[in-house]
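What follows draws every value from the coordinates through simple rules; no lab data is involved. Here the structure is a predicted model, which means the values were calculated and not measured. Here the Cβ positions follow ideal geometry from the backbone for every residue, glycine too, while neighbour counts run over all protein chains shown.
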Amino acid sequence: MTSTEPQFVSSASNALLKELRRLAQDSIAYRKQGRVWLEGDHLCRSALARGVRPALAVFSEASWSAGDSAWARPAEKNVVVADALFAGLSGLESPARMGFVVDLPPQPVLEPGTCSVILDRVQDAGNVGAILRCAAAFGFNQVLAIKGTAALWSPKVLRSGMGAHFGLRLIESLAPDALDSLAITIITTSSHRGELLHRQKLPWPCAWALGHEGHGVSEEISARARLSVRIVQPGGEESLNVASAAAICLHASAAANAA
């Protein structure tokens, strides 16, 4: 089948549609299927820009009829789904008109000297995706997710990451002792101990450890850190959202390195 000859799906019991639905709605289905669902043209464009070739391009019938078939050219195979069925795939309040299925990249080997972000049981998918965007923006090219962190390639994390996934080395389901391989300084944040961030000389390269939304960084990770810093909060709030803290800390490191 060529990219100009799509397969039409009009039955809710279609086996391919069921697989797509699982990929789009189950946060860990990608681990079993070895494929990832990218919904909407922004994510699909980001993947193509990084040289990712989709195994499958999926279109709503209205999208295909409106001429969105230009997205079909890079795909190995194309599928057009009846509009009502396509809406049932989406995890969005306003469903996109198309999506890609791409092969899950093989998990890379940890690089000991690469600037990294350590996610220690960060559970909110929106937070994880936002942190991935910050990592990509500020030059932290490796993300190390400790067991208990939200699945990095889940649909919600992908949407929040806005394409950052395709420029990062993503390693998930790690035990804390995997961090012993790092040859760079691990830094943690705390609301009550350590030097204030803006007064601290920050090492480069380094690895920032960001912890669980309620409990923070675990003792196992803290014990491996050589530096702990605080973010100044003159407004008096008890703590910051972990993604907000990540943006502040990673920017501070990048700015200090650029100075």
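Being touching a Cys at 6+ places or on another chain (Cβ under 8 Å) and either exposed (fewer than 13 other Cβ atoms within 10 Å of the Cβ) or touching a residue at least 12 places away in the same chain (Cβ under 8 Å) (or both) is a description that does not apply to Pro6. Against the conditions (1) touching a helix residue (DSSP H, G or I) at 6+ places or on another chain (Cβ under 6 Å); (2) part of a helix (DSSP H, G or I), Leu110 satisfies every one except (2). Of all the residues in the stretch 187-210, those that are buried (at least 17 other Cβ atoms within 10 Å of the Cβ) and either out of contact with any helix residue (DSSP H, G or I) (no Cβ under 7 Å at 6 or more places or on another chain) or on the phi > 0 side of the Ramachandran plot (or both) number 4.
For the criterion of being among the hydrophobic types (A, V, I, L, M, F, W, C), part of a strand (DSSP E or B) and crowded, with 18+ Cβ neighbours inside 10 Å, Ala145 passes. On inspection, Ala12 fails the criterion of being touching a residue at least 24 places away in the same chain (Cβ under 8 Å) and in contact with a Phe, Trp or Tyr (Cβ under 8 Å, 6 or more places away or on another chain). Quick one: is Ser13 in contact with a helix residue (DSSP H, G or I) (Cβ under 6 Å, 6 or more places away or on another chain) and of a type in the set (S, T, N, Q)? Criteria not met by Ser13.
One residue alone among Ser90, Ser63 is polar (S, T, N, Q), out of contact with any helix residue (DSSP H, G or I) (no Cβ under 6 Å at 6 or more places or on another chain), closer than 18 Å to Ser154 by Cβ and surrounded by fewer than 23 Cβ atoms within 10 Å (Cβ to Cβ), and that residue is Ser90.
Going by the structure shown, is Ser181 of a type in the set (Ser, Thr, Tyr), surrounded by fewer than 22 Cβ atoms within 10 Å (Cβ to Cβ) and within 22 Å of Leu227 (Cβ to Cβ)? So Ser181 fits the description; yes.
Looking only at residues in the stretch 18-56 that are of a type in the set (Lys, Arg) and either on the phi > 0 side of the Ramachandran plot or under 17 Å from the mean Cα position of the chain (by Cα) (or both), the one that is surrounded by the fewest Cβ atoms within 10 Å (Cβ to Cβ) is Arg50.
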